[in-house]
Structure formats: structure tokens, C-alpha cells
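Notes follow once the structure below has been shown.
Here, each number is a calculation from the coordinates, and none is a lab measurement. None of these values were measured; they are calculated from a predicted model. For neighbour counting, all protein chains shown are included, and Cβ atoms are generated from backbone atoms with ideal geometry for every residue, glycine included.
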Amino acid sequence: METQLKLAAEAVMKAKTLPELDAVTDDLTHFSSEELNRGSSPQINRLRNRISQAQSFINRWQEYFLAGVEENPGRQLEILNDLTRSRSSYRLLAPEFLTSLRDSLLKQQVAKVDQVVESLKPRLAKAKGVDDVQILLEEIQQLQNGLTYSSVPRRKLERVVTTLNYWLQVLSAEASGQSQNLLGQLNNMESNSYNFQADLIDQDWVEAKRRQALANLNPEYQKRVKVLRPLVDEALVASTKQGDLESLHITLETLLNHSNFSGQLRSQINDLRNEVRSLSRLHESLKDQDEALFLKEAGKKLSDSNPWVGFSRSLRQPLLVKGAEQFYGLKLSFKKDQNLHPALRDLASAAAGKNDWKTALSAHQLITRLSPQEVVTSDQQRLAAIQAYLEGMRLKEAGEKDLAMASLQLVLYHDGTGVPRQQAIAALQELRAAR
């Protein structure tokens, strides 16, 4: 019996075609009918069951072959995962061989996905419109469909698909000629940090489309802005020189009460007035060491389509930098025209790159506390992973090995950038070696 199964395993290892595997199954069937047809004792039944398990394994191995012929690596991985967990696989082929084969195939998938993603950005840069990006999206989705669910390469492509869908919405809004809609889609895209994880969309592309949208707004609106803007700008300059935001608030209040304009422009000046009041409260929070007031006001911002958003950023950003350091010990900095949440995500990413997980944790905690409505899934996942890692390392230092391992294991449920996955794996390996 053992000799027959060993011969079957060797034949399976050597088989290069489906008919060769059929022949192995036939040999096992012949052996069972010739050698195991005498009675039905428990021992004979166990031997027949082993033959049946071996034949079931060969059937799955044939499916694996077929998936390879059809160039479906996702299906191949699913089968290998099943075989490594199946008892029959251990009775015909060594589990180490199956695991090695699975790991090799997974590495090939990872390499292929990395190559495709790397080649995607220049193609995306050359895309002229919705149709071109739709073609790229369909190619990525086709590749994604051939990957195993919950695998690392598939999750990476899921982020790419999310980014391309957001970019399609931007391009569709641009093609419609509706500048206000385009500005909204650009804001939606920036609010989801997934869209920049794969490094597909340059911030410069986003800003170029935003500038064009602002330039294409209603001509009558632009005319009114041209007439009124000098009055507002003069008040802005005066208040900035004097450091007196209260007088600016009064000036804007007067404009709203006595000027003859309505609609979008009135709304934008009203928003500017509210922004000035928020800036005053930020000043107050720093002066009075009032963290709760700082949190309440720091997450606010003027719309990117507001004509005075540049003025707002010039006053708000220094206050946010000071508050981040004063209350949380964070060295925050801003890129040109950058809002607070992207700046905090950049800070967290830079800290993660330096293995400074405490700073990364503080940045993500501040994101969630400032404006929960702007927190995306990736923010929550990174926060949970970093918290679990730091807690695991604390427990490790305290000698609580089992609790430390349980906490570090939680990190492995998260992947992507900005997560201490490799550090957690190294710590787990060290804890296991010490047992």
C-alpha cells in the first residue's frame, strides 16, 4: 500500500499533462480493485479510504494544472491553499513542497502587480480623457479578478481601482464643463488618502485642474468678484498688518449688511467672515492653552473655491503648526495650498518611514479627533495597527510575552503603507525564539 502511494506521488511530481495524471488515477483504481476487494474489515476500509483520498488529491491537482493552462494564477493559489489544509495532501505530496509552490506563485503575483502598477502612472499621465482612463481601469480589474481574494496583490489593486474610479469622476466632471462639480470631485478625491497610496495621481495634476475650474466659473460671478475684491483685499491687508482680526470681522459684517450683491459671492464673503472668527478663536486657544477650543477650530477650513482661500491659509497654517507642537509635540509643515488632514497624513507617513511610531500614532490620533467626518478607512486601519504595535512592544518590554504576541498579531491583519507590519513580524519572531 505504502509503495503504491509512493509511486503515485512520484508520478504526480513528474506529470506534465492531464492524461499523465489520469493514468495515475487509473493505477490507483486498479490497485484498489485488485488488492483491496477481499472483504470489508475496518483495516481494508481504512486502506480504501487512503486510496480515495489520494485520488481526490489528484483530481484537485488536475484542476491546478488546468488553471495554469488557462493562466489563472488566482485559481491556482486557491487550490494550493486547499491542498495544504487538506489531510489528503499530506498523504500524497509533502506539505513543504505545496507550501513552497504556493509561496513562489504568490511572489510571482506580487512582482507582476508591482510591475503593472509601476507602468500605470506614465500611461495615466498620457490619458486624454474618460475613455482612456476607462480602458486602464478595465485592464486592472481584469488582472484583479484573476487574483486570490484577501491576498496582498489583490488588496493593492483594490486601492488602484479606487483611485482610478475617483479620477474618472474628476474627468467626467471636467468634461461636463461644470466647474463647481469639478471642484467638488477634486475635494472628494483628496479626502480619501487611498487615492495617493499607489503614487498614481500627482498633486500637481489635481491643482492644475482646480485652477482651471476656478478660472472657468461663471463670468458674471467673476465680474462681481473683480469689483468687490479690492475692498475686501484692502481690509485683509490692513488687518494683517495690525494683527487685528476683530476689525476685519466688522468690515466683512458691514459689507454683508450694506452691499448690493447676493448668491454665491455673498455666501463666500459670509464664509470668509466665519473663517476670520475661527482664526480669532485659534489665537485664543493658543494663548489660553485651551486644547478643546483648538480641536474645535483647527479642523475648519475655507473652501478651495473661495477667492480668499490663499489669505485664509496664510493665517491658519502658522496657527496650526504652533498648536500641533504646543498641544501634541508634533512638528507639522505644509506644502503649497495643502490643507490640515493631508499635512498630518504626510507627517505620519514620514514618521513611519523613520520607525517613529509614536509620532505617527499622535498624527493619526489628531486626524481622528479633528474632524471625524473626514476620517477614511485607511486612517482608522493605520491607527489601529500602530496602537496594537506600540502596546505589543510595551508588553514585550514588561515581560508579558503571551499578551505581547496577541497584540502584535493584530498588526498582521493590516497591510499597506504606514503600518509597522515588518517590525511586528520581527518582534513576534524574537518572542517565539525566546520561548
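For region 115-194, chymotrypsin sites (Phe, Trp or Tyr not before Pro) are listed when DSSP marks them as loop and at most 10 other Cβ atoms sit within 10 Å of their Cβ; the list is Y149. Arranged from fewest to most other beta-carbon atoms within 10 Å of their beta carbon, I51, I367 become I51, I367.
Ranking G418, Q76, L344 by Cα position along the charge dipole of the chain, where only Lys, Arg, Asp and Glu carry charges on their C-beta atoms, puts L344 farthest toward the positive end. In this structure, E325 and S56 have a Cβ-Cβ separation that, at R0 = 60 Å, corresponds to a calculated FRET efficiency of about 0.40.
Each of K322, K335 was scored by other Cβ atoms within 10 Å of its Cβ. Listed from fewest to most, they are K335, K322. Once the C-beta distance of L66 and L412 is scaled by a Förster radius of 30 Å, the resulting FRET efficiency is 0.40 to the nearest 0.05. At q = 0.16, 0.18, 0.24, 0.35 Å⁻¹, what log₁₀ I(q)/I(0) does region 146-185 have when each alpha carbon counts as one equal point scatterer in the Debye sum? The Debye formula, applied to the Cα set alone, gives -0.50, -0.55, -0.70, -1.04.
Taking 0.36 nm per residue of separation and subtracting the current Cα-Cα distance, fully stretching the chain between H30 and R266 would add 76.0 nm.
Hydrodynamic radius of region 108-215 by the Kirkwood approach over all distinct alpha-carbon pairs: 14.3 Å. Positive end of the dipole of the chain (Cβ unit charges, origin at the Cα centre): among T251, S52, L383, the Cα lying farthest that way belongs to T251.
Relative contact order for region 108-215: 28 percent, from Cα pairs under 8 Å spaced at least 6 residues apart, divided by residue count.
Diffusion of region 306-367 by Stokes-Einstein, at 20 °C in a medium of 1.002 mPa s and with Rh set to the Kirkwood radius over alpha-carbon pairs, works out to 179 µm²/s.
Taking 18 Å as the cut-off, the amide N atoms of region 98-113 that come nearer than this to a point 7 Å along the Cα-to-beta-carbon line of Q429 belong to 100, 103-104, 107. Under the criterion of Cα pairs below 8 Å and six or more residues apart, the relative contact order for the chain equals 8 percent.
Cross-link partners of K223 among lysines, defined as those whose alpha carbon lies under 30 angstrom from its own and excluding same-chain residues fewer than eight positions apart: K209, K241, K300, K301, K336. For Q212 and V110, the difference between the fully extended length at 0.36 nm per residue and the C-alpha to C-alpha distance is 32.9 nm. Extension gain for the segment N187 to L286, taken as residue separation times 0.36 nm less the Cα-Cα distance, is 32.8 nm to one decimal. Give the longest segment of the chain that steers clear of GluC sites (Glu not before Pro) in DSSP loops with at most 13 neighbouring Cβ atoms within 10 Å, not counting the sites themselves. For GluC sites (Glu not before Pro) (loop position, at most 13 other Cβ atoms within 10 Å), the longest site-free span of the chain is 72-435.
Note on T254 and V161: with the Förster distance fixed at 60 Å, the Cβ-Cβ geometry gives a FRET efficiency of about 0.70. Using just the C-alpha positions of the chain as equal point scatterers, what log10 of I(q)/I(0) does the Debye formula give at each q in 0.06, 0.07, 0.08 1/Å? Taken in order of the listed q values, log10 I(q)/I(0) reads -0.43, -0.55, -0.67.
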